[in-house]
Structures are given as structure tokens and as C-alpha cells.
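The values are calculated or read from the model by the stated rules, or taken from the named source; none is laboratory data. Everything numeric in this text was worked out from a predicted model, so none of it was measured. In this analysis, Cβ positions are derived from the backbone assuming ideal geometry, glycine residues included, and neighbour counts consider all displayed protein chains.
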Amino acid sequence: MKMSLQKIIFLFLAFFILSCHGSKVKDENTKAQNLQDGLKKSNAITAVDSTKHTTEKLKRLYLKYKKPIEGFHIKIGWTPYESYEDCSVGLATFFFENRNGCRFSIIDSAFLSSVLINKDKKKEIAYFKEDTLIYIEYPFKSNREIIRRDVPFSFSDVDFDGKKELIMTVFGEGQRHTDVFRIFKLDSVGNLVKRSKQVTYQKPYIDFDGFTKFDKKNKTVTNTFDGGADNSSYETFVSESGIAENNKFRLKHIVEYINGVKKIYYTRDKLTERTDYLKHDFDNR
């Protein structure tokens, strides 16, 4: 039976459409596979780069003190990130270890030192090819001041209880560019006391800086808050019964000058109405 011309034309068009569709599907599948392969390749490169980045060892400068200080062997691991004409600054970790086997570390995010002054002039950063160890001397000297201001750390009895605390110096970060001092309590064998019992961020320790005055005879410490020639305040604490565990200080008085006029806001026997909030703040820390 002969096919009519109409049927032949219909079958030819159907075959042509199916062929085009199959070719299009194949092309789409090929594109999809190529895209998937490309993504896999891209991810592999990213993973390698990421792994390389996270495992790359930063170059560090190690400063190690030649002799023990207050029974502690001390080393500083330092990664300078910026240099000036006479000093460098960078992230540092202080490692402390004593003969009792006590070990702890303290981080200073902006440790400043003149030990390393070589620098990449284009990038203005300190540089050295590999981890480097430098032995340094701790400058021992007789000093009547309770807190030394010439070293990055020291040990001293800042609360007059007969036991020395660890003092970390933050150079130039205080009011009027004075230094700030962070105080850490140590236990009887040389460990840092628990964080919950530390005094570092309690009054009056939190405000220790270059303006702080210590009176060893009367066991008092006075923090100054400089507001200008005619406006300033002074908080005086005395080492007695204490505010909290490990904090032996009690607020004695606050003296404030407003426009050159002296006003005493707090004494042991009298609390003025103007500063009721101060008693709550100080006595409950």
C-alpha cells in the first residue's frame, strides 16, 4: 500500500523534530557535565588554597630572658605586624613557668618592643626569614616605686598584703598617653588564680595607670581621672577588709574638683545624696 504524500511529509517532520530534541538534550547534558566537572575542579583548588592558608606557619620572634624573674622562666612569642623607626609592635604571648611546674600564658595583642627594628620599607612591617630566638636581659634595679614603668611585666605587692602580684604593662594606652597596668593574682605556688577570683577588672585595679599613686605606709592607692585643669577626680582605696575574695581594697573617699571647687562625695562615715549609686557600684564588685 502506497503512502500518501501527506503521510510521508508528516513522518519526515516528526523524525526531524525528534532528532533535534535528542541533539539538544545531549548538548544540555554535556554542558551540565562540563559545568559539574568545572565546579569540582574549582572546589578542589579552593580547598587546597584554604588548607594551605590555614596550615601556613607564621614567622615568630621568640624573646627569652636569660635568668629567672621571681622564680619564673619567661619567654615571649611575638609576631610583629608593624614597625616604626625605633620599635616594632605585634601580637605576643608571654609564657611563664616556675620551679613548681606551674605554667600559664598571657596574651598582649599590641606588644611594643625595640628589640626588632628591621623592616620592609615598602610595607612598613617587621620581617625575618624564619622563627628566631633572641636571649635578652631583664633590667634589675632598685626602685622605690610600687610599679615599674620601664618593663613589659613585673612582680610587686600592689595591695600591701605581703604577696606579689603579676603586673603586665600596656604601653601608652592610658589617659594622656600614660601606661596602663593589668594586675593578676597568683596563688601560693605560682599559678594564676581562677578567672572568677581574679581582680584584674575590679576596682581599683582596673584603673591603674601612670597617674596612680601608692602609699605604702597608709596602705592606700589613689586613681586619678584627669578632666582638665579645673575638673578632675580622685578615688582613694585602703587595703582593709576588702570588697570581694582576693580584693582587699575598700573605698575610702572620692574627691572631685568641679570648676576648681573641691567636693568630697564619699567618706567612710558619710555618703552624700549626690552619689548614692557609687556605694552600690563599689561595694558589690
The range 197-216 residues that are farther than 19 Å from Glu240 by Cα, paired with ones that are surrounded by fewer than 20 Cβ atoms within 10 Å (Cβ to Cβ) and acidic (Asp, Glu) (beta carbon under 9 Å, 6 or more apart): Asp209/Glu173; Asp209/Asp179; Gly210/Asp179; Phe211/Asp226
Residue match in the range 103-121 (condition: part of a loop (DSSP other than H, G, I, E, B) and modelled with pLDDT of 90 or more): no
The range 208-238 - residue that is of a type in the set (Phe, Trp, Tyr) and farther than 16 Å from Ile147 by Cα and, of those, surrounded by the most Cβ atoms within 10 Å (Cβ to Cβ): Phe237
Those strands (runs of 3 or more DSSP E) lying entirely in the range 228-283 with at least 1 residues of a type in the set (Asp, Glu), out of contact with any Leu (no Cβ under 9 Å at 6 or more places or on another chain) and at pLDDT 60 or above: 232-244, 247-258
Members of the range 131-174 that are hydrophobic (A, V, I, L, M, F, W, C) and at positive phi: Phe160
Qualifying residues in the range 195-227 (those that are of a type in the set (D, E, K, R) and outside any loop (DSSP other than H, G, I, E, B)) - the one farthest from Lys164 (Cα to Cα): Asp226
Scope the range 195-211; condition basic (Lys, Arg) and within 19 Å of the chain's Cα centre (by Cα); matching residues: Arg195
Per-region count, the range 152-194, residues part of a loop (DSSP other than H, G, I, E, B) and either more than 18 Å from the chain's Cα centre (by Cα) or within 17 Å of Thr236 (Cα to Cα) (or both): 17
Qualifying residues in the range 165-193 (those that are surrounded by fewer than 14 Cβ atoms within 10 Å (Cβ to Cβ) and at pLDDT 90 or above) - the one farthest from Lys216 (Cα to Cα): Val189
